[in-house]
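Structure first, commentary second.
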Amino acid sequence: MGCTPSGTISREAMRECQAYGWSVSYTLVLHSIIVLQPGVENAGIPTGHVGIVEAINLNGSVYVSSWNIVGPGIVPIRYTVV
């Protein structure tokens, strides 16, 4: 399991990930969690966003799946290239 932060991840968030057995790295790993800081790649402000690394493309871009709750029982899956 891995957690891949983009930008500057807080020390607290890094410790939380590690406390639950996740490795933290700035190197992208397939099927890891990517953490997008607030405002990065349209991630919400002030919370940011997370997603799953589905593919790492040859040009360095990353195919990411993520979810958002729109309303009761409505949880769409979004696929984006970061």
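Read the figures in this text as sums done on the coordinates, not as results from a lab. Please read all numbers here as calculations on a predicted model, not as lab measurements. Backbone-built Cβ (ideal geometry, glycine too); neighbour counts: all protein chains shown.
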With θ set to phi - 60° and the Karplus curve 6.51 cos²θ - 1.76 cosθ + 1.60, what are the ³J(HN,Hα) couplings of segment 28-38 in order, to the nearest whole Hz, using x for Gly and Pro? 5, 10, 4, 6, 8, 8, 9, 10, 9, 5, x
Could you please rank E16, E41, placing first whichever residue has the fewest other Cβ atoms within 10 Å of its Cβ? E16, E41
For I33, I45, I56, order by how many other beta-carbon atoms lie within 10 Å, fewest first: I45, I56, I33
